[in-house]
1. Mind counting the residues in segment 1-34 that are part of a strand (DSSP E or B) and either open to solvent by 20 Å² or more (accessible area, probe 1.4 Å) or modelled with pLDDT under 95 (or both)?
2. Out of segment 236-246, which residues are surrounded by fewer than 20 Cβ atoms within 10 Å (Cβ to Cβ) and part of a loop (DSSP other than H, G, I, E, B)?
3. Within segment 104-150, can you find the residues that are among the charged types (D, E, K, R), open to solvent by 10 Å² or more (accessible area, probe 1.4 Å), closer than 28 Å to Gln173 by Cβ and at pLDDT below 95?
4. Considering only residues that are buried (at least 23 other Cβ atoms within 10 Å of the Cβ) and either part of a loop (DSSP other than H, G, I, E, B) or modelled with pLDDT of 95 or more (or both), which ones fall in segment 255-273?
5. Mind listing whichever residues of segment 189-216 are hydrophobic (A, V, I, L, M, F, W, C) and buried (at least 16 other Cβ atoms within 10 Å of the Cβ)?
6. Going through segment 497-528 one residue at a time, which ones are surrounded by 11 or more Cβ atoms within 10 Å (Cβ to Cβ), under 24 Å from Tyr372 (Cβ atoms) and of a type in the set (A, V, I, L, M)?
7. Identify, by number, the condition in (1) surrounded by 16 or more Cβ atoms within 10 Å (Cβ to Cβ); (2) closer than 19 Å to Ser90 by Cα that Arg249 doesn't meet.
8. Can you tell me which residue among Gly365, Gly341 is in a helix (DSSP H, G or I), at pLDDT 95 or above and at positive phi?
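The values are calculated or read from the model by the stated rules, or taken from the named source; none is laboratory data. Since this is a predicted model, take the numbers as computed values, not measurements. Cβ atoms come from the backbone with ideal geometry, glycine included; neighbour counts cover every protein chain shown. Areas reflect the complete protein model, heavy atoms only, side chains present, ligands, DNA and RNA absent. Shrake-Rupley method; radii C 1.70, N 1.55, O 1.52, S 1.80 Å.
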Amino acid sequence: MTLPVSEIRELILNGQATLGIELGSTRIKSVLLDTQNNPIATGGHSWSSEYHDGVWTYSLNNVWNGIRESYRTMVDDVKAKYDVEITKLSALGISAMMHGYLAFSKEGQLLVPFRTWRNNFTFDATQILMETFDYPIPQRWSIAHLYQAILNNESHVNELNFMTTLSGYVHWQLTGKKVLGVGDASGMFPVDIEIKDFNRNMQTRFNELIKEHGYPWAIEEVLPEVLLAGDEAGYLTDEGAKLLDPDGRLESGCVLCPPEGDAGTGMVATNSVAERTGNVSAGTSIFAMVVLERELSKVHQELDLVTTPTGKLVAMAHSNNCSSNIDSWIKVFKEAVESLGFNVEMDTLYSTLYNKALEGDKDCGGLLAYGYLSGEHMTHFEEGRPLFTRTAESNFNLANFIRVNLQTSLGAMKMGMDILLKEEQVKLDKMLGHGGLFKTKGVGQRFMAAAVNAPVAVMDTAGEGGAWGIALLARYAIDKDKGQSLEDYLNQNVFHNSNESVIEPDLADVDGFEVFMERYKAGLPIERAAVDHLN
């Protein structure tokens, strides 16, 4: 239910609005909610990772500059719409990209530049850890980064006092609390879903593994405390309020929910936290998740095992690369149009070219492309080289060119989902899609439905994304005394009147995608040659 402007103005003045901030890979977004969980104002800041000395990173200075700008533009939106200023909040939530490595000394100093999920240089560590734990450890995970630093004999490990994710770091600075939501925590170190905390047996094994190095810490001492959705995770301090609002208008004291990763907030934003539900987030990277009814039969290196924000087991097929390469192609087409003396809006160009792809051959006409801007763990590439190739007999036209770049953006993810759905026979009733790939109505959905051979839905509200999802978790933290589970809370308080469009898989699209995937797998040596020889 949409509230009247007068009521929204009043609840903002009374400090009843809830704020969610998510630090995505290309945008930091702020979403303010009313008491009915409706977005009433938004703000944002565009940013991007930097590649320094072989490491994909973001500087902490850019983290805070971006957060402040995102918050400021949200405040400006409130002022423009309701002619009031925000001075206090009811609750606040922080979300961010999962995984990676943020290591701090006892004095709180960052020991090495932030190593993000995008880095693929921890292969040796993952092989040893998977054998030690008998559990899948992807290269992105924090424990893989830590153990690789140990294998590399990096001196900073001796000074390690605390390690966390990006959401955990921001939350720590705002509240003073070194905590993490269970979903984000499950991408740092394996979680025991029975106790909904880090796996203690695996912690013991890790300590034994590194015992010979004589470090002055044990793994359980440097990891954050794990919390569940609905738990209070601290309060905004005076210092934290000034980090968000240097002008000093924002009061301290509001409660914060546990900080979560973008996977968890994506589940919440698409109401995909119950068994047999799934969601896929498709933007710079792509990850598809399915909430499991049972443990998998064996360890699969291609699949992450993470959790929902309440600790339910989730299988994730993650690819580091999705839309970045096709975004670059769209910019080239815009440049060509402008060189001819015409102007075209980017939204129009995307919509026109994406819909053109629907006219292409189901198998992309024999064309082949890889959008590996960075390394791709699913197919074992430590670095990436975007490329396009074809044979003389290929049906090379615009429709097939756009189609192959769209389908290849799902290729690595599909390899993981095929293991889950075909080999493990996991049941999936419906996949909820969100992210930039689904912005052009009906196109991304259709290709995703073909990739997973299951219905794909997009909600009207999913456009608000993870920032809305973490804001909902913040609201749940102050509403949980009603005794509702997160699933019931979302169904009864958020999604009871939601609209969604569903596209069923088309058999011809499914078959064509399978033909394309055979070409995709067979052509991987071409990508390997590009990585090895194109520097």
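1. So the answer is 3.
2. Residues satisfying the conditions are Thr237, Asp245, Pro246.
3. Of everything in segment 104-150, just one residue is among the charged types (D, E, K, R), open to solvent by 10 Å² or more (accessible area, probe 1.4 Å), closer than 28 Å to Gln173 by Cβ and at pLDDT below 95, namely Arg118.
4. Within segment 255-273, Leu256, Cys257, Pro258, Pro259, Glu260, Gly261, Thr270, Asn271, Ser272, Val273 meet the criteria.
5. Matches in segment 189-216: Phe189, Val191, Ile193, Phe198, Met202, Phe206, Leu209, Ile210.
6. Matches in segment 497-528: Val515, Met517, Leu524, Ile526.
7. (1)
8. On inspection, the qualifying residue turns out to be Gly365.
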